[in-house]
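Reviewing the structure listed below.
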Amino acid sequence: MIYTPLANILKKNLRNLRKFIIRDYNEIEELQSSVKDTKLFIQKSQKKIEEEVVSLLTKIKPNFQIVKNIENNIQDFWMINVIDSFLNFKRANDNFGINISLFEKNIIQTNLFYNPIKDDVFYYEKVTGAFKNETRIRVSNIKKKEESLVSIFTNKSDSGLNYEGLIKKNLSENYFSTFESRSCYSDLSNLSCGKIDCCVIINPANNVVQEASLIVNSTGGNSKIIELKDSKIFIAGNKFIDKMVIEMVEKVLNK
């Protein structure tokens, strides 16, 4: 197994944040039935996590900017998402994490997703492949749609919600089982290690498409973007279920 120095540094330092993230998470969990407003506490916790992540990345590559969205005027940068998903964190649902991507010359080189509650590190790199913690991972080998599990994630919009409902309906009618975590990166991580077989993302951000493509390519999966006049749909999965879902979605949207 080849585990790069960058992966080791990121993994070690993110795990150092785990103690205070779990402390805040447990308090948020206890406050779910409270009449107290948790908004300020959650915002403070998120800010603390982001500050720690920014400090870490600045030390690793001082000359690289740290951004949350792709910007055309920079080529070498870190892309961060702290926390995905904020709603899940707010509700003490453990499907969330810290996502970090490294871009060099505007091309993604590395992606890491860390779930501090489960203490799972997913690491993807063009040269070395994909790992969950210290184990190399690949997409599943499920071939039958009746045995498959398909996740759906939507960036909320009127058109996106309409397509989401239509796709869900047809997946169900075609004997696929669906799963929703409300965390885009959790879905992609589950796909990369074979826990689900296909991932549908409606209206993904540009950086998510690049990150998802790296994740899928490094774990032996396939992907496709279906372009519509008001939306785009990214579909990725193992080579069997991915093909069936793409064919179904294209047939439904072309009616």
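Tell me whether the stretch 185-195 contains one or more residues that are open to solvent by 50 Å² or more (accessible area, probe 1.4 Å) and under 26 Å from residue 122 (Cβ atoms).
Looking for residues that are open to solvent by 50 Å² or more (accessible area, probe 1.4 Å) and under 26 Å from residue 122 (Cβ atoms), one finds at least one in the stretch 185-195, hence yes.
May I ask you to verify whether residue 151 is assigned to a strand (DSSP E or B), of a type in the set (Ser, Thr, Tyr) and open to solvent by less than 10 Å² (accessible area, probe 1.4 Å)?
Answer is yes for this residue.
Just checking, how many residues over the stretch 193-220 are over 11 Å from the mean Cα position of the chain (by Cα), assigned to a strand (DSSP E or B) and among the β-branched types (Val, Ile, Thr)?
2
Can you tell me which residue is most open to solvent (accessible area, probe 1.4 Å) among those in the stretch 122-133 that are over 13 Å from the mean Cα position of the chain (by Cα) and under 16 Å from residue 213 (Cα atoms)?
Ranking the qualifying residues of the stretch 122-133, first place goes to 127.
Would you confirm whether any residue within the stretch 30-41 is in contact with a helix residue (DSSP H, G or I) (Cβ under 7 Å, 6 or more places away or on another chain) and in contact (Cβ under 8 Å) with a residue 60 or more places away in the chain?
no
The values are calculated or read from the model by the stated rules, or taken from the named source; none is laboratory data. All figures in this text were calculated on a predicted structure; none of them were measured in a lab. All Cβ positions, glycine included, derive from the backbone under ideal geometry; neighbour counts span all protein chains shown. Remember, those area values only see protein heavy atoms, side chains included, never the ligands or the DNA or RNA. Shrake-Rupley method; radii C 1.70, N 1.55, O 1.52, S 1.80 Å.
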